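Colleague: Would you mind keeping the following structure in view while I ask a few things?
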Amino acid sequence: MNKPKYIITKLIRLIELFAGIGSQAKALKNKGVNFEHYRAIDFDKYAIKSYNAIHNTNFVPLDITKITGKDLGIVETDKYDYIMTYSFPCKDLSKAGKGAGMRKGSGTRSGLLWEVERLLKECNELPQILLMENVPQVIGKKNIQDFHKWKLFLEKLGYSNYIELLNAKDYEIPQNRNRCFMVSILGDYYYEFPHKRKLKLRLKDFLEDEVDEKYYLSDKMIAHLMDMTNRNGYVRGEK
C-alpha cells in the first residue's frame, strides 16, 4: 500500500519540550523554514536565558511536570502545523550515566518522557508532527521495552512512527555522533529520512587560525579540573 507523504502547507508553530538552547529551532532557521517560536519548555533558567539571547524570544523557565496540555496552546490545527520536539534527558540512558533507564514511574530524569504522554493525553488537539532525538541506548536492550510502550501509545493516538539511527558524520559534519531519531506524523503518512551525504569537511575547517588568549584555560584552572576529576574517581589511563 502506497502511503502519501505529509506536506506542510500551513504556518508552523514550533513547540520545544526540554528546549535547552533551541537546537531544533536553529536547525529550522538554518534550513530557511518559516516558523513561529510558539512554546519553549525548560526548567533551567540559564538554558532559557541562552535560548532567548540566541533566538530573540522572551520565554520564561517552566517545569514540564507543572504544566498541562492546555498550556501548550495547540488550537486551530486546521490553520497551523504544529511541530513538537521532545529530546528528553539522556542521562539515565547513555553510557556515561548509571543505566537507571526511563521506566514509567521510575523518577529518573530520562523517565520525564512520560510527562510528554500526560501532556498529549490532556490535549484537545494534537500536534501534527512529533520529533524525538536521543542517544542510541533509547532503543538498546535495557530500554527497548519501555520504548515500545511509548511507540505503541503514539500509534494508539493515530501517529505513524519512523525510527532511524543517524550519525552526524554521514551528513557533512566531521563528528562521530550517533543518535536515534523518531519522526511521528499524525495520520497514515509515509516518511523517509534524509539520504547520507559524502563528508567534505574536516574538523580543522571549523577552527580559527588565531584564538584570543581569553578563551584558553589557565594552568591553575587546568590543575583544579584535573584535581576534581581525580576526586570523582577517574584517573587518566584507567578503565
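The values are calculated or read from the model by the stated rules, or taken from the named source; none is laboratory data. As the structure is a computational prediction, the values presented were derived from the model and not from experiment. Backbone-built Cβ (ideal geometry, glycine too); neighbour counts: all protein chains shown. Only protein heavy atoms, including side chains, enter the accessible area calculation; ligands, DNA and RNA are left aside. Shrake-Rupley method; radii C 1.70, N 1.55, O 1.52, S 1.80 Å.
Colleague: If you go through region 134-191, how many residues are more than 25 Å from Glu115 (Cβ to Cβ) and charged (D, E, K, R)?
Modeller: 5
Conditions tested, residue by residue: (1) modelled with pLDDT under 95; (2) outside any loop (DSSP other than H, G, I, E, B); (3) within 15 Å of Pro127 (Cβ to Cβ); (4) open to solvent by less than 30 Å² (accessible area, probe 1.4 Å).
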position: Ile15; (1), (2), (3), (4): no, yes, yes, yes
position: Gly20; (1), (2), (3), (4): no, no, no, yes
position: Arg39; (1), (2), (3), (4): no, yes, yes, no
position: Phe43; (1), (2), (3), (4): no, no, no, no
position: Ile48; (1), (2), (3), (4): no, yes, no, yes
position: Ile54; (1), (2), (3), (4): no, yes, no, no
position: Asn58; (1), (2), (3), (4): no, no, no, no
position: Thr85; (1), (2), (3), (4): no, yes, yes, yes
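Colleague: Name the single residue, out of those in region 4-13 being touching a residue at least 12 places away in the same chain (Cβ under 8 Å) and assigned to a loop (DSSP other than H, G, I, E, B), that is surrounded by the most Cβ atoms within 10 Å (Cβ to Cβ). So that I can check it myself, show each step before the final result.
Modeller: Going through region 4-13, the residues touching a residue at least 12 places away in the same chain (Cβ under 8 Å) turn out to be 4-6, 8-13.
Then keep just the ones that are assigned to a loop (DSSP other than H, G, I, E, B); that gives 4, 6, 8-10.
Details: Pro4: 9, Tyr6: 18, Ile8: 12, Thr9: 6, Lys10: 13.
Selected residue: Tyr6.
Colleague: Out of Gln137, Gln175, I need the residue that is polar (S, T, N, Q), more than 24 Å from Ile67 (Cβ to Cβ) and touching a Cys at 6+ places or on another chain (Cβ under 9 Å). Which one? Before you say what the answer is, go through the steps one by one.
Modeller: Values: Gln175 fails: touching a Cys at 6+ places or on another chain (Cβ under 9 Å).
Going through Gln137, Gln175 in turn, the sole match is Gln137.
Colleague: Can you find a residue that is of a type outside the set (A, V, I, L, M), surrounded by fewer than 14 Cβ atoms within 10 Å (Cβ to Cβ) and part of a helix (DSSP H, G or I) anywhere in region 95-116?
Modeller: Taking every residue of region 95-116 in turn, none turns out to be of a type outside the set (A, V, I, L, M), surrounded by fewer than 14 Cβ atoms within 10 Å (Cβ to Cβ) and part of a helix (DSSP H, G or I).
Colleague: Would you check if Gln145 is farther than 27 Å from Leu14 by Cβ, in a helix (DSSP H, G or I) and not acidic (Asp, Glu)?
Modeller: Taking the combined requirement at face value, the residue satisfies it.
Colleague: Related question: If we scan region 194-203, do we find a residue that is among the aliphatic types (A, V, I, L, M) and over 28 Å from Pro89 (Cα atoms)?
Modeller: Applying the first criterion (among the aliphatic types (A, V, I, L, M)) to region 194-203 yields 199, 201, 203.
So of that shortlist, the ones also over 28 Å from Pro89 (Cα atoms) come out as 199, 201.
Yes: one or more hits.
Colleague: Between a first residue in region 175-194 that is without any contact (Cβ under 8 Å) to a residue 60 or more places away in the chain and a second residue that is surrounded by 12 or more Cβ atoms within 10 Å (Cβ to Cβ) and in a loop (DSSP other than H, G, I, E, B), which pairs have beta carbons less than 6 Å apart while being 6 or more apart in sequence or on different chains?
Modeller: Within 6 Å, the pairs are Val183/Tyr191.
Colleague: Just a yes or no: is a residue in region 37-47 of a type in the set (D, E, K, R) and touching an Asp or Glu at 6+ places or on another chain (Cβ under 9 Å)?
Modeller: yes
To keep it simple, each residue is scored yes or no on (1) exposed (fewer than 15 other Cβ atoms within 10 Å of the Cβ); (2) of a type in the set (Val, Ile, Thr).
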{"site": "Ile139", "(1), (2)": "no, yes"}
{"site": "Tyr159", "(1), (2)": "no, no"}
{"site": "Glu164", "(1), (2)": "yes, no"}
{"site": "Asn178", "(1), (2)": "yes, no"}
{"site": "Tyr189", "(1), (2)": "no, no"}
{"site": "Leu199", "(1), (2)": "yes, no"}
{"site": "Arg202", "(1), (2)": "yes, no"}
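Colleague: Then there's this: Between residues in region 65-88 that are at positive phi and residues that are open to solvent by 50 Å² or more (accessible area, probe 1.4 Å), which pairs lie under 7 Å by C-beta distance while being six or more apart or on different chains?
Modeller: Gly73/Arg39
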